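Asker: If you scroll down you'll find the structure; I have some questions about it.
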Amino acid sequence: MKILLKFLLLIFPMMMNAQVQSEVSLIKYEDLEKHLQQSKDKFVVLNFWATTCAPCVKELPNFMEVNKEYSQNPDFKMLLVSLDMARDKEKVLNFIKTKNLTAEVVILDDVKRMNNWIPRFQKDWEGEIPVTLFYKNGEKVFFNNGEMSLQELKTAIDKNYK
């Protein structure tokens, strides 16, 4: 029995980290747009954040709790879009691992054109983060500029997901 318990204690952390990605892609706006198009049959929670943004880091556990709750739903997808610099890719990867981020994370490496792509998500968005958007059937149904509590996030998802 003790051997079984030791084995389970050793293997359990590995199983918990199985969903944490080991690589992070650098993408351009067009890639993100394609990603959203390919997910148009899903309810997509899209969150813009950065490792250097305190409110972003503070709200990420809320997103992970929601992702855990909905991860078995085939029509649900969460995508975390890091606005960290491409040169900080390793920092983002380490952050993913240490914070146990289970949602897909990409780095949007398109800073030079940000004034072009930011208004495509929301006309009055000026680029502040964190920002959260929901897409349903390929259409934007929700936009939130600023940090979201767990209750705010759950309420917004309940209102827009069904």
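Every number here is computed from the coordinates shown, using simple stated rules; none is lab data. Just so it is clear, the model here is predicted, and its values are computed rather than measured. Cβ sites come from the backbone with ideal geometry, for glycine too, and all protein chains shown count toward neighbours.
Asker: With Cβ to Cβ distances under 12 Å as the rule, what net charge do the other residues near THR52 carry (K, R +1; D, E -1)?
Answerer: Values: positive: LYS91; negative: ASP84, ASP88.
Residues close to THR52 contribute a combined charge of -1.
Asker: Does region 89-162 come out rounded, prolate or oblate, given a ≥ b ≥ c as the square roots of the eigenvalues of its C-alpha gyration tensor, rounded meaning a/c under 1.5 and, failing that, prolate meaning a/b above b/c?
Answerer: Oblate shape, in that a/c is at least 1.5 and b/c is the bigger or equal ratio.
Asker: Percent of Cα-Cα pairs per 5 Å bin, from 0 to the last occupied bin, for the chain, please list those.
Answerer: Going from the shortest bin to the longest, the percentages are 1, 8, 17, 21, 21, 15, 7, 3, 3, 2, 1, 0, 0.
Asker: Straight-line reach from LYS154: which lysines have Cα under 19 Å away, leaving out those fewer than 8 places along the same chain?
Answerer: LYS42, LYS58, LYS68, LYS77, LYS136, LYS140, LYS162
Asker: Roughly how many debye, to the nearest 20, is the charge dipole of region 16-62 about its Cα centre, given +1 on each Lys and Arg Cβ, -1 on each Asp and Glu Cβ, and no other charges? Could you put the intermediate results ahead of the total?
Answerer: Details: 5 positive and 6 negative charges, 19 e Å.
Dipole about the Cα centre, nearest 20: 100 debye.
Asker: Can you compute the modelled spin-label distance between MET85 and LYS97, with each label point 7 Å from Cα toward Cβ, in nm?
Answerer: Computed distance between label sites MET85 and LYS97 equals 2.2 nm.
Asker: Take the Cα of TYR161, step 7 Å along the line toward its Cβ, and report every residue of region 67-84 whose backbone nitrogen sits under 12 Å from that point.
Answerer: 67-78
Asker: What ranking do 115-127, 91-103, 44-56 get when scored by the average of other Cβ atoms within 10 Å per residue, highest first? Don't skip to the end; give the middle numbers.
Answerer: Details: 115-127: 12.7, 91-103: 16.8, 44-56: 19.2.
Descending packing order for the listed peptides: 44-56, 91-103, 115-127.
Asker: A further question follows. On a 0 to 90° scale, report how tilted helix 29-38 is relative to the longest principal axis of the chain, with both axes built from alpha carbons and the result rounded to the nearest 10.
Answerer: Tilt relative to the chain: about 70 degrees.
Asker: So how strong a dipole does region 46-162 carry about its Cα centre when Lys and Arg Cβ are +1 and Asp and Glu Cβ are -1, to the nearest 20 debye?
Answerer: Working: 17 positive and 17 negative charges, 39 e Å.
It comes to approximately 180 debye.
Asker: Next up: At MET114 and SER149, where each label point lies 7 Å from the Cα along Cα→Cβ, what is the point-to-point distance in nanometres?
Answerer: 2.9
Asker: Using helices alone, what [θ] at 222 nm do you get for the chain, with -39,500 (n - 2.57) per DSSP H run of 4 or more residues, divided over all residues and rounded to the nearest 500?
Answerer: Rounded to the nearest 500, the figure is -14000 deg cm²/dmol.
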